[in-house]
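The values are calculated or read from the model by the stated rules, or taken from the named source; none is laboratory data. Remember, predicted model here, so these are calculated numbers, not experimental data. Cβ placement follows ideal geometry from the backbone for every residue including glycine, while neighbour counts extend to all protein chains displayed.
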Amino acid sequence: MRRAFAITIAMIELGGCGGSSTPASSCRGNSADALWVASDYVSAEVGGLSLLEGVVSQASGIDLGGDPALAVSRGRAFCVVRDQNALVELEPRCGTPISRVLVPSPAGATGALDPQDVGVAQNGSLWVPLFEVPALVVMSTSGALSRSLDLSPYDSDGNPNASSIAIVDTHLGEKAFVVLERLDAQLIPYQAAWMLRIDVATGIVEGHTELAGRNPFGPIVAEGGALWLSDPGSWSDANEANAGVEQFDPETDATSLVVAESALGGSVVQVAVSASCGVAIVADSTSENATSLVTFDANDGTVLSAAANSPLTTPGYDLEGLDVVGGMVVVGDRRRADLGYPVHVFGMTDSCVLSLQRDLVLALPPVSVRQAP
């Protein structure tokens, strides 16, 4: 059963370095298990999913641009509005927008910043990697620019293409780990990607690690004391040695491919991990980049269901948005069904076997699904 309600919110768009608007509303109705954002690349919507009740909630009255992404860190949730250089903070229990702030530009930067992700530090500051500008900006709790880290030395072309961040408490203190894709001007992964380690207290870059896979794509997934990465490499080749699912240890900086893309049957688009079960979306190497849902053992990398025997496949690049929520696998599907665009909810056994439980329907194609913090 699908039930939706709309929440109208008066939002304030801030200029300059800006600040955060006053929270405008709180959740109404059921609290959500998962948050979602959907977009047709012109407009976007956001809301929550109550998986057991089969309820979809949707917020309205806020401009989310055409290129949004969800980010969750330290119990807070955001919609990163990449094409508007903005962050919209969401009520973590249901996805209601509560504030909006513009990402401040580093000194000398003009034009699009293309913020990709946001990490929250213990002191409440927001750390935002920029893709179009070689910088990581740190925003104070008021939304002002408190620090900007120049990333231009980390790629010979002057922009290492920072794409995702995880802020982690380690035995050496709070550290920010930032993925640098290090692509060329045509966004081709011609060289190794790096993981940058930054001390949060001082803002000092302590070093970098060459990643095992190339072209790390999508959000970093923190699970079981490890950081998990999706490394598709080249989209036209699903048999590369340096592509697959990667596991990075934030305590030691050790990293390795847990499972190769050749074993999964496609380039890894996104990964989710819960205990010993790993789930991923993979895309084949055809011009359509057809997607499939696959599973693997997160402890030893054994492939449990590859693209060839997937419980969910599509004819094109259609699966987008993935997470494990309360033992259920939630995956977005950009193919229109009778009532809209489905978010598939699979049950998952202890042996990582998936079975479809229900579909929840959105008005726009899903782009991101995350467990509510």
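A single entry from Pro106, Pro68, Pro97 fulfils the requirement of being touching a strand residue (DSSP E or B) at 6+ places or on another chain (Cβ under 6 Å), within 22 Å of Leu49 (Cβ to Cβ) and modelled with pLDDT under 95: Pro97. Across region 173-185, a minimum of one residue is classified as crowded, with 16+ Cβ neighbours inside 10 Å, within 21 Å of the chain's Cα centre (by Cα) and at positive phi.
Filter region 30-47 down to residues that are small (Gly, Ala, Ser) and buried (at least 19 other Cβ atoms within 10 Å of the Cβ) and give me whichever is modelled with the lowest pLDDT. Give the derivation first.
Filtering region 30-47 for residues small (Gly, Ala, Ser) gives 31-32, 34, 38-39, 43-44, 47.
Checking which are buried (at least 19 other Cβ atoms within 10 Å of the Cβ) leaves us with 32, 34, 38-39, 44, 47.
Values: Ala32: 91, Ala34: 97, Ala38: 98, Ser39: 97, Ala44: 97, Gly47: 96.
Among those that are small (Gly, Ala, Ser) and buried (at least 19 other Cβ atoms within 10 Å of the Cβ), it is Ala32.
Name the residues in region 249-275 that are at pLDDT 95 or above, assigned to a loop (DSSP other than H, G, I, E, B) and either under 30 Å from Gly173 (Cβ atoms) or not small (Gly, Ala, Ser) (or both), would you? Lay out the reasoning, then the answer.
Going through region 249-275, the residues at pLDDT 95 or above turn out to be 249-274.
When the remaining residues are screened for being assigned to a loop (DSSP other than H, G, I, E, B), the result is 249-254, 265-266.
The answer is Asp249, Pro250, Glu251, Thr252, Asp253, Ala254.
For region 146-175, which residues satisfy the criterion of being of a type in the set (D, E, K, R) and not in a loop (DSSP other than H, G, I, E, B)? Before the answer, list the steps.
Our first condition is that a residue be of a type in the set (D, E, K, R); within region 146-175, this holds for 147, 150, 155, 157, 169, 174-175.
Correct list: Arg147, Asp150, Asp169, Glu174, Lys175.
Exactly one residue among Ser236, Ser287 is closer than 24 Å to Ser164 by Cβ and not β-branched (Val, Ile, Thr), and that residue is Ser236. Contact map, region 187-208: first residue more than 14 Å from Leu149 (Cβ to Cβ), second residue in a loop (DSSP other than H, G, I, E, B) and hydrophobic (A, V, I, L, M, F, W, C), Cβ cut-off under 6 Å, separation 6 or more or different chains; pairs are Pro189/Leu183; Ala193/Leu211; Met195/Leu211.
Counting only residues that are buried (at least 21 other Cβ atoms within 10 Å of the Cβ) and not hydrophobic (A, V, I, L, M, F, W, C), which one in region 48-72 is nearest to Met328 (Cα to Cα)? Restricting to residues being buried (at least 21 other Cβ atoms within 10 Å of the Cβ) and not hydrophobic (A, V, I, L, M, F, W, C), the top hit is Gly48.
Residues in region 293-320 that are acidic (Asp, Glu) and either over 23 Å from the mean Cα position of the chain (by Cα) or crowded, with 20+ Cβ neighbours inside 10 Å (or both): Asp300, Asp318, Glu320. You will find that of Cys27, Cys17, the residue that is part of a loop (DSSP other than H, G, I, E, B), surrounded by fewer than 20 Cβ atoms within 10 Å (Cβ to Cβ), at pLDDT below 95 and touching a Leu at 6+ places or on another chain (Cβ under 8 Å) is Cys17 and no other.
Conditions (1) β-branched (Val, Ile, Thr); (2) touching a His at 6+ places or on another chain (Cβ under 8 Å); (3) more than 14 Å from Val200 (Cβ to Cβ), marked per residue:
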| site | (1), (2), (3) |
| --- | --- |
| Trp127 | no, no, no |
| Pro134 | no, no, yes |
| Val138 | yes, no, no |
| Ser146 | no, no, no |
| Ser156 | no, no, yes |
| Asn161 | no, no, yes |
